[in-house]
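**Q** Take this structure, written in structure tokens, and hold onto it; I'll ask about it next.
The values are calculated or read from the model by the stated rules, or taken from the named source; none is laboratory data. Since the structure is predicted, the reported quantities are computational estimates derived from the model, not experimental observations. Cβ placement follows ideal geometry from the backbone for every residue including glycine, while neighbour counts extend to all protein chains displayed. Just the protein is used for accessible areas: all its heavy atoms, side chains included, with ligands, DNA and RNA removed. Shrake-Rupley method; radii C 1.70, N 1.55, O 1.52, S 1.80 Å.
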Amino acid sequence: MGQYMQLFQGTAFSSQSPKEIQILKDYLFAVNADGMIAKVVAPEDAEYQPLLKAYEGKSNFHRLAEGQYLLPGFIDLHVHAPQWAQSGTALDIPLYDWLNTYTFPLESKFADLDFARWVYEDLVSTLLANGTTTVLYFATVHKEASLLLAEICARQGQRALVGKVVMDDPAQTPEYYRDGSTHAALADTEEFIVAVQELAKTVKQGIYPVVTPRFIPSCTDEVLQGLGQLAAKYDAYVQSHCSESDWAHGYVKERCHKNDAFALHDHGLLREKSVMAHCNFLEEPDVELFAKTGTAIAHCPISNAFFSNSVIPVAHFQGKGIDIGLGTDVSGGFSPSLFDNVRQAVISSRMLEDGVNPSLPAHERGVPQSRITIDEAFYLATAGGGESLSLPIGRIQPNYAWDIQIIDTRLPVAKLPIFDEHKDLHGIFEKILYLARPENIREVWVQGKKVHSRQ
């Protein structure tokens, strides 16, 4: 009975499947020394009372209070870490102008490691406070600052996948902010990969290097080919943007005479460990290629509303067997909260199904069978993200990491309108997903370690 590092007692919500929520009422959750869930025990199980008796009153026993519930930690598949400094800025202008007027000048400042540390420390702690336990990060072109981000994540206890951004094409990148040359971009990327792999040996929760061409418009064919070779050499994760907007999608078609998906695949950048952001304009052959290669999609519903000129057909892509998770896309998405993006994912899917042009007849206005439910959006933010990364995260079940957030629905300053605690637990789950604020997140744990607490 004494072999567990932590024992929790409470009610948890986790995804049983993409469409079904599992409700674990008053269960025991045993966490081992590796920070993994060793056992999940139901109240009716014979082991329940002996296990409870063995741990009650000890410092490693945690009984949730009335009105508190467990959710898996959220998995954010798309964050531009340096852009945290410009969140909420100029979201009313086109993507091309936004990048060149605001984003590239800001990202160039991360050559200054003191500035980078200031922004990155604040971002990582903010994401943890919002219940996000795993993040797939774009950093900047600067090798040293990108490594600093990985080190900050390691120290704060967040599971992180970090990429040094590559952008070497003078035609679409400003002189003041690009890799010095194709050779320098590839050499810095390889050195970054090796350094992060060494750093990963010192942490329990996992820190991973990611091959990160910003997107095809900012990269030469030579650098894309070299990055594909590095991904294969080190079996590394890959991330980029794919068919995000009318402009980006059209630019790639004109330059490469094919869509993003096939151009990326030609360079070895679509693989089982690849996650592509946005993908709003995938055509059917692109969808089939994603499914064939095991490439996942980071769906960023808030930023898509500002910059992507469309609503991504999530239900259709899932039906084709593609893994999909959620991303905040800070700062194209103004909110660091995946709660906000869960809500927007549902809203956007309804708008796609119902249509938005009132001058059209109802039967012509939308795309049938496009809506997703709050249960399905929650799956994207948790288990879907874990599947996209091929990691044992995003579910509260044995052999998964103890990455959780404890939600307090009775907090005086953020009390949820729940008036019957025992009648409808799924109803409580829905209220949490639609109404919870950061104040409701009382604790966050990653790999069995508490990394955030709000008193």
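**Q** Across all directions of projection, what mean area in square nanometres is found for the Cα convex hull of the stretch 297-455?
**A** 11.8 nm²
**Q** With the cut-off at 1.5 for a/c, could you classify the stretch 1-149 from its C-alpha gyration tensor as rounded, prolate or oblate?
**A** Because a/c hits 1.5 or more and a/b exceeds b/c, the stretch 1-149 counts as prolate.
**Q** Taking 0.36 nm per residue of sequence separation and subtracting the Cα-Cα distance, how much length would be gained by fully extending the chain between residue 114 and residue 453, in nm to one decimal?
**A** Fully extending the segment from residue 114 to residue 453 adds 119.4 nm.
**Q** Give me the extension gain from residue 200 to residue 390: residue separation times 0.36 nm, minus the current Cα-Cα distance, reported in nm with one decimal.
**A** Stretched fully, the residue 200-residue 390 segment lengthens by 66.7 nm.
**Q** Now, a different point. DSSP H helices in the chain with Cα extent of 18 Å or more along the helix axis and mean Kyte-Doolittle hydropathy at least 0.0? Don't skip to the end; give the middle numbers.
**A** Working: long enough: 113-129 (24 Å, 0.66); 143-156 (20 Å, 0.29); 182-200 (27 Å, 0.54); 221-234 (20 Å, -0.06); 338-354 (24 Å, -0.06).
Long hydrophobic helices here: 113-129, 143-156, 182-200.
**Q** Find, among the trypsin sites (Lys or Arg not before Pro) in the stretch 399-448, those assigned to loop by DSSP (not H, G, I, E, B) with at most 10 other beta-carbon atoms within 10 angstrom.
**A** Here the trypsin sites (Lys or Arg not before Pro) that fit, given the DSSP loop and packing criteria, are 423.
**Q** Same structure again: Which distance in nm do the two modelled labels at residue 247 and residue 439 give, with both placed 7 Å along the Cα-to-Cβ direction?
**A** Modelled inter-label distance: 3.9 nm.
**Q** For the stretch 61-202, what does the equivalent ellipsoid look like in terms of its semi-axes, each the square root of 5 times an eigenvalue of the Cα gyration tensor, given largest first in whole Å?
**A** In descending order the semi-axes read 30, 20, 12 Å.
**Q** So what does residue 91 come to for accessible area, using a 1.4 Å probe and Å² rounded to 10?
**A** For residue 91, the solvent-accessible surface is approximately 30 Å².
**Q** Something else now. By a straight-distance test (C-alpha under 25 Å), which lysines pair with residue 320 as possible cross-link partners, with residues fewer than eight away in the same chain excluded?
**A** Partners found: 19, 253, 258, 273, 292.
**Q** Using alpha-carbon positions, what is the distance between the centroids of the stretch 337-355 and the stretch 406-455, in Å?
**A** The stretch 337-355 and the stretch 406-455 have Cα centres separated by 21 Å.
**Q** For every helix of n ≥ 4 consecutive DSSP H residues, a contribution of -39,500 (n - 2.57) applies; sum these over the chain, divide by its total residues, and give [θ] at 222 nm rounded to the nearest 500 deg cm²/dmol.
**A** Only helices count here, giving -11000 deg cm²/dmol.
**Q** For the charge dipole of the chain, defined by +1 on Lys and Arg C-beta atoms and -1 on Asp and Glu C-beta atoms about the Cα centroid, which residue among 149, 60, 161 has the Cα displaced farthest towards the positive pole?
**A** Selected residue: 60.
**Q** Under a point spin-label approximation (7 Å from Cα along Cα-to-Cβ), what is the residue 3-residue 96 distance to one decimal in nm?
**A** 6.2 nm
**Q** Moving on. Provide the three semi-axes, in whole Å and in decreasing order, of the ellipsoid equivalent to the stretch 120-273 as defined by the square roots of 5 times the Cα gyration tensor eigenvalues.
**A** 27, 16, 15
**Q** Can you give the FRET efficiency for residue 54 and residue 155, using 1/(1 + (r/R0)^6), R0 = 51 Å, r = Cβ-Cβ distance, to the nearest 0.05?
**A** Working from the Cβ atoms, E equals 0.90.
**Q** What's the extension gain from residue 233 to residue 424 if we count 0.36 nm per residue and subtract their Cα-Cα distance?
**A** 63.6 nm
**Q** Another one. Per the Debye formula with a single identical scatterer at each Cα and no solvent contribution, what log10 I(q)/I(0) holds for the stretch 375-416 at q = 0.17, 0.32 Å⁻¹?
**A** -0.57, -1.06
**Q** Return the distance in nm (one decimal) between the two label points of a simple spin-label model at residue 291 and residue 26, each offset 7 Å from Cα along Cα→Cβ.
**A** Here the modelled spin labels are 4.5 nm apart.
**Q** Once you have a ≥ b ≥ c as the square roots of the Cα gyration tensor eigenvalues for the stretch 365-451, tell me rounded if a/c is under 1.5, and otherwise prolate or oblate according to whether a/b is larger than b/c.
**A** Because a/c hits 1.5 or more and a/b fails to exceed b/c, the stretch 365-451 counts as oblate.
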